[in-house]
Amino acid sequence: MKIYFAGPLFTPYVQEFISRHAQILRDNNITPFVPHESFKPQVTPEMVESLVEKGLLTREALEQHSATELVVGLIRKRKVKREELGLPPVTPEVIFDKDMDGVASANAVVALLDGTQVDDGTACEIGIFYGLMRNDPTKKGIAALMTDFRGLRRAGRGYGINLFVLGVIEECGKIFDDFDDLVQQLKAWEQELEAEGRGTR
């Protein structure tokens, strides 16, 4: 079963949270598309040598961390530009094309809703998937995750999220506060796909 993992992915700790939970999906034989992982640079030995020579990386750091992790950190901190490394720029067109392919090929969406409001990109991805789902029986639903106590304490009043977004989620899925329960929902949808002869393994 293929999943699109939507969420606010602009800080290292949220990226780490999403990647950690994406690995839980992989451990359960569910294939997630994780947007920020799809844009990790292809780091070559020549690139690493060049950064070491320029004093931007050290041998000690490379012994403790992956080269990809260190290069991503340099790009994030604007100590080096993607273009200087021979990497293609990340443009709105590139992001849209890659993420749209991820949404279009998914059987379900996992959407992280944490924050003072649903991330605008996440809301857009929820809406796109719902639109595709209306005419595609291989698209099973949206499993949203809320771990933010500000939302959880308002669970009886719509979690404090935009009511239109909430309506879309409730129309074809559910909000979970426990990731294990969310995984069980994905497995139930996977069983439906297999029963319909549309298994994805």
Qualifying trypsin sites (Lys or Arg not before Pro) in the range 39-93, DSSP loop, other Cβ atoms within 10 Å at most 16: 54, 77, 78, 79, 81
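Based on the Kirkwood radius over alpha-carbon pairs, what is the Stokes-Einstein translational diffusion coefficient of the chain at 4 °C with 1.567 mPa s viscosity, in µm²/s? Mind showing how you got there, number by number?
Numbers: Rh = 18.4 Å.
Roughly 70 µm²/s, to the nearest whole number.
Could you list 17, 5 so that the one with the fewest beta carbons within 10 Å of its beta carbon is first and the one with the most is last?
17, 5
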message: Taking the Cα centre as origin and putting +1 on Lys and Arg beta-carbons and -1 on Asp and Glu beta-carbons, what dipole magnitude results for the range 5-53, to the nearest 20 debye?
response: 320 debye
query: Quick one: helix 12-27 against the long Cα principal axis of the chain, what's the angle to the nearest 10°, folded into 0 to 90?
result: 60 degrees
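Based on alpha-carbon positions alone, could you give the equivalent ellipsoid semi-axes of the range 45-85 from the gyration tensor, as √(5λ), descending, whole Å? Show your work: numbers first, answer last.
On the way: eigenvalues 44, 27, 15 Å².
Equivalent ellipsoid of the range 45-85: 15, 12, 9 Å, largest first.
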C-alpha long axis of helix 163-172 to longest principal axis of the chain, angle in °: 70 degrees
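Over the range 52-158, consider all pairs of different Cα atoms and compute the Kirkwood hydrodynamic radius from their mean reciprocal separation; express it in Å, one decimal. Before the final figure, lay out the partial values.
Numbers: mean 1/r = 0.0577 Å⁻¹.
Over the range 52-158, the inverse of the mean reciprocal pair distance is 17.3 Å.
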task: Show the residues, 5+ positions off or on another chain, whose built amide H is closer than 5 Å to the amide H of residue 173.
output: 142
- prompt: What angle do you read, to the nearest 10 degrees and between 0 and 90, between the alpha-carbon axis of helix 179-195 and the longest principal axis of the chain?
  reply: 70 degrees
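Each reported figure results from applying straightforward, stated rules to the coordinates on display, with no laboratory input. Being a predicted model, the structure only gives us computed values, none of them experimental. Positions of Cβ are generated from backbone atoms using ideal geometry, with glycine treated the same way; all protein chains shown enter the neighbour counts.
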